[in-house]
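The values are calculated or read from the model by the stated rules, or taken from the named source; none is laboratory data. Note that the structure is predicted; figures quoted are calculated from it, not measured. No Cβ is skipped: glycine too gets one built from the backbone with ideal geometry, and neighbour counts run over all protein chains shown. Side chains included, ligands, DNA and RNA excluded: accessible areas come from the protein's heavy atoms. Shrake-Rupley method; radii C 1.70, N 1.55, O 1.52, S 1.80 Å.
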Amino acid sequence: MTSSSSTSPVHKLEDYRPSPWLTPSLELRFDLDLHLTVVRADYEVVLQAEKIEPLFLNGESLEFLSLRIDGAIVDPEDYQVSPTGILILYPPKESFRLTVENRICPAENTSLEGLYKSGSMLCTQNEPEGFRKIVYSIDRPDNMMRFRVTISGEESLFPVMLSNGNLLSEKQLEGGKREVVWEDPFPKPSYLFALVAGELLETKDSFQTGSGRQITLKIFVEKGNEEKVSFAFDSLKKAMKWDEDTFGLEYDLDLFMIVAVEDFNMGAMENKGLNLFNAKLVLADKKSATDESFESILAVIAHEYFHNWTGNRVTLRNWFNLTLKEGLTVFRDQWFTEDMTDPAVKRIKDVLFLKEFQFPEDQGPMSHPILPKSYREMNNFYTVTVYEKGAEVIRLVSELIGRETFKKGLKLYLSKYDGQGVTFEEFVSSMEEAAGHSIPNLRNWYHRGGTPLLSVQEKYSKDSNEWILDLLDTGASEYPLVYSNSIAVFDREGKLLTEEKRIMSGARDQIRIAALDSKGTKPIVSLFRSLSSPVRLDYNQSDEEIQVLAKVETDGVSRFFAFQNLIFDWFRKSIASGREENFSIILETIADSFGVGWEKTYYSFYLSFPGLTQISENIGCYEFTKIQKLRVWAIQNISTTFTKNFQILLEENRKTIPIQTKEEIGKRKLKNIALYYLLYDPSRKFERLAVMEQREAKHMSEEVSAMKFLLEVDSKEKENAVNLFFEKWKKDSLVLDVWFAAQVTAGEDRCKIAENLEKHPQFNIRNPNKVRSLYFSLARNPLSFHKEDGSGYTFLSERIKRLNEINPQMAAALTKLYSPVSKQKGNLPKIAKRELEGLAALPNLSKELGEVLGTILNSL
Ligand code: TRP
Ligand code: ZN
């Protein structure tokens, strides 16, 4: 991302230098109060540079109180306090004690970064640079500190007071106050510090490690949620076991705590021994959580737990290397979920996500390499590129050297760099060391932005009776890459002939495949199976060939994507010709799939019709109304052609048990797919089935889907459905998030509905989950957001303006959804430009929002 209009300083990778001063240990003191918390930090300061130079402490939104060196007040002439920190001009010697004191107001901190109030608790969020909003500090990840933390506060308000590590002591003070001391034996950067205090309920479990140590597990929740933690505990224990079994990694403290927080900017945070979670990623029971949310909980609990090694024990030298911990940890959590559920289904979900969100980011104005070259506001770089593409690059490494060697490489990396802050280079060289050879061009994946586009040219060689496939990486000039290309060859009847794993290093590869017979009949080739490298292909395979793959590819992931490609091809042709092209190949493929007996969840994905955004991204067309018309036509066609089959499918899977097993999840998914198609029957005679499904649901997945489907097809039952749902769930804020979202996710003119919903007493713009449910869902609904008259853009920019004052991170994240506007037709780019320029002129423009606006405006 580059930006010209913003004025905040740019941080450049090439400018990185180690911190001249370090603070290897500190004592932190908190006198908690909702409005006036006093914080004191007592640092051991040591010089790391060659000779003494001024010492800068970061600090933002702090009220400075005092500064001492070795106990003596520092002469005000010798330091400068500014809105970004304190510059100590003349540090006296190479090592000394530095004591700094300040005040903060957690109750007024709506940014949800630093120390803030959520519900009845105070909690912290410090990654990446929130610590400087709590206390003056050398707030960078290469400054590792041993923490000892004393917290005192009124017992009635803060009966529970937590921080990282082990509880050393607790005592009653005068005047109803209590004091606790926590100590973390592991040095860590400021971003992994956490504090939580409030009226919380403690739930408890335990885990025995492979070496026989007993770990206490605790989950803290607000009152009323204590019955919703058992799935989270099970997930945590599975993750702990898996990391031992797969990588030999044991947990290193005696206590592991999780706190569920209502107001949280992202998913969760891996603070050492004290993970903080968005409540929606902890709390679940069969009545209130969908199958998707159960799976997210499993994955995110594992993800944060896995950070204990990849992120915490071995941490980052600087924020440019964020993907070192995030890409790696996402890959680890994907692998975990593959092992816990179904590998093909999990891979399909991950690739769908990558294609729907990361590919567009990489093709739009926000495109950046997984190792960004520069940033203004680090918060803006917690992107799908750093996370998901980063994970694809790690997966690629595992493809290139094999998973067993990868495990060795990871162990080597962790033992070599334990307790240090490192870069992707240390990771890559550990992998090379484990493999016993170097991997040319691998490092370029960290520097090259954009999704590689590989063109595939086929030609027949009469001399050798071979088909020759020429692969060309069209963007390889500056940064040639290395690819793992899993290929398979089939004959026309669909028989698997050969499989091969090829490594392509550099811009070209040539694949030679024997013709099927002496007449030179062409075999059918499947490339980059299961997306063995994160690429886009420009490969003109005929629909007939793709259809064979959609039926018989032995790799379930590529079989699924072959069918999707058939559908995209139909849209491409129909958009080009302006009418519904021949649909029979799609109908045939579906007809052939009934009764094959694929695993249920897998089959439900296979039958799912791609959404509007997916279609639009895949065919590169942004005329949403046209696509939508075709989409409805296609679904109705499938619906009426296969009415009987869907009725049978529905009947066969109707009786479900509300438990989280593969079989029951599969049944719920399949019957929902059947119901979905039936609802598109123009006669509308099946709507009563959805109404019944919602009323009789035993599991939230059934209840939500029925309501969503009725909304999507604009049923006359939709209002009843929405009201019924609300009456049942009005006391459960997390379920209401789903209710808000469902009403704006699909269809035109949802801005008007959103305008009513934001006046709803349970809507709250300060709560990120509500913002995501309403505003993000709306902005991801192209029919409403990219409506020709620009009303979607005006609606959203008005809300971004408010969020700029309340929560800059959310404001910036929402603004990123304007990225595809330059591709829109008619007046839309102009209207977007006007709206975004309006935002850029705001008097209190935040760093976060300023950077994103600058980047998108540059593209308009
Ligand atoms: N490190 C967190 C993760 O596991 C993500 C994170 C970064 C985060 N910044 C945050 C979470 C702010 C909550 C709030 O991916
Ligand atoms: Zn993470």
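Working from label points 7 Å from Cα in the Cα-to-Cβ sense, the residue 84 to residue 583 distance is 5.9 nm. Between the Cα long axis of helix 556-577 and the first principal axis of the chain there is an angle of about 70°, rounded to the nearest 10.
Sequence-ordered 3J(HN,Hα) estimates for the range 84-92 from the Karplus curve with 6.51, -1.76 and 1.60 and θ = phi - 60° stand at 10, x, 10, 9, 9, 6, 10, x, x Hz, glycine and proline given as x. Between 0 and 90 degrees, the angle of helix 230-247 with respect to the longest Cα principal axis of the chain falls at about 90 degrees. Karplus-derived 3J(HN,Hα) values for the range 255-260, using 6.51 cos²θ - 1.76 cosθ + 1.60 with θ = phi - 60°, are 9, 10, 10, 10, 10, 8 Hz; glycine and proline are entered as x.
Let me spell out the model: positive unit charges on the Cβ of Lys and Arg, negative unit charges on the Cβ of Asp and Glu, origin at the Cα centre of the chain. What dipole size does that give, in debye rounded to 20?
Working: 108 positive and 125 negative charges, 342 e Å.
Magnitude of the dipole: close to 1640 debye.
Once every Cα of the chain carries one equal point scatterer and solvent is ignored, give the base-10 log of I(q)/I(0) from the Debye formula at q = 0.06 Å⁻¹, two decimals. The calculated log intensity ratios at q = 0.06 Å⁻¹ are -0.42. Its relative contact order, with pairs defined as Cα atoms under 8 Å and 6+ residues apart, puts the range 213-364 at 21 percent.
With the alpha-carbon atoms of the range 202-316 aligned to their principal axes, the span from lowest to highest coordinate is 37, 30, 25 Å, starting with the largest. Loop-located trypsin sites (Lys or Arg not before Pro) in the range 485-544 (DSSP state other than H, G, I, E, B) with a sparse environment of at most 15 neighbouring Cβ atoms within 10 Å: 492, 495, 519. Between the amide H of residue 118 and those of 123, distances stay under 5 Å, these residues lying 5 or more places away or on another chain, with hydrogens modeled in the peptide plane.
Using the Cβ of residue 119 as centre and a radius below 12 Å, the other residues enclosed give a net charge of -1, where K and R count +1 and D and E count -1.
Over the chain, what relative contact order in percent results from Cα pairs under 8 Å that are six or more residues apart? Display every interim value, and only then the final one.
Numbers: 1634 pairs, mean separation 79.5, N = 860.
For the chain, the relative contact order is 9 percent.
A simple rule links phi to the HN-Hα coupling: the Karplus curve 6.51 cos²θ - 1.76 cosθ + 1.60 with θ = phi - 60°, which for the range 413-425 gives 4, 5, 7, 5, 10, 3, x, 10, x, 10, 10, 4, 4 Hz, with x for Gly and Pro.
Taking all pairs of different Cα atoms in the range 317-446, averaging 1/r and flipping that mean, what Kirkwood radius in angstroms comes out?
Working: mean 1/r = 0.0653 Å⁻¹.
Answer for the range 317-446: a Kirkwood hydrodynamic radius of 15.3 Å.
Heavy atoms of the protein chains alone define the surface here; on that basis the chain has 38 Å² accessible area per residue at 1.4 Å probe size. Over all pairs of different C-alpha atoms in the range 453-533, the reciprocal of the mean inverse distance, the Kirkwood hydrodynamic radius, equals 13.4 Å.
Against the chain, whose longest principal axis is taken from its Cα atoms, helix 791-806 shows a tilt of about 20°. If you sort the three axes of the alpha carbon gyration tensor as a ≥ b ≥ c, you get a/c of 1.5 or more for the range 316-375 and a/b no higher than b/c, which makes it oblate. Among the protein heavy atoms, those of residue 407 account for about 40 Å² of accessible surface (1.4 Å probe, every chain in place).
From the protein chains alone at 1.4 Å, what is the descending order of accessible area for 621, 105, largest first? Present the calculation step by step, with values, prior to reporting the outcome.
Details: 621 15, 105 40 Å².
If we order 621, 105 from most to least accessible, we get 105, 621.
Exceedance of the 31 Å cut-off in Cα-Cα distance is limited, within the set 731/830; 730/801; 286/600; 759/787; 51/117; 551/718, to 731/830; 51/117; 551/718. Dividing the mean sequence gap of close Cα pairs (under 8 Å, 6+ apart) by how many residues the range 317-446 holds gives a relative contact order of 34 percent. Taking all protein chains together and a 1.4 Å probe, the residues 117, 644 rank 644, 117 from largest to smallest accessible area.
How much mean residue ellipticity at 222 nm does the chain get from its helices, if each DSSP H run of length 4 or more adds -39500 (n - 2.57) and you divide by all residues, to the nearest 500 deg cm²/dmol? If you can, show how the numbers build up before the last one.
Numbers: 27 runs with 321 residues, N = 860.
Computed mean residue ellipticity for the chain: -11500 deg cm²/dmol.
Our summary of shape: the Cα atoms of the range 655-745 have principal axis extents of 34, 33, 21 Å, ordered from largest down, in whole angstrom. Averaging over all projection directions, the Cα-based convex hull of the range 242-394 occupies 10.0 nm² in the image plane. Near residue 261, the amide H atoms lying under 5 Å from its own belong to 277, 278, 279; only residues 5 or more places off or on other chains count, and H is placed 1.01 Å from N.
All alpha carbon pair distances within the range 394-449 were sorted into 10 Å bins beginning at 0; the resulting P(r) in whole percents reads 24, 56, 19, 0. For the range 17-199, taking the reciprocal of the average inverse distance between every pair of different Cα atoms yields a Kirkwood hydrodynamic radius of 16.6 Å.
Quantify, in whole percent, the carbon and sulfur part of the accessible surface of the chain (1.4 Å probe; protein heavy atoms only). It would help to have the intermediate numbers written out before the result.
Details: 16290 of 33010 Å².
Solvent-exposed carbon and sulfur of the chain make up 49 percent of the total.
Between the amide H of residue 85 and those of 59, distances stay under 5 Å, these residues lying 5 or more places away or on another chain, with hydrogens modeled in the peptide plane. In whole angstrom, the range 572-614 maps to an equivalent ellipsoid with semi-axes of 25, 14, 5, each derived as √(5λ) from the alpha carbon gyration tensor and ordered largest first.
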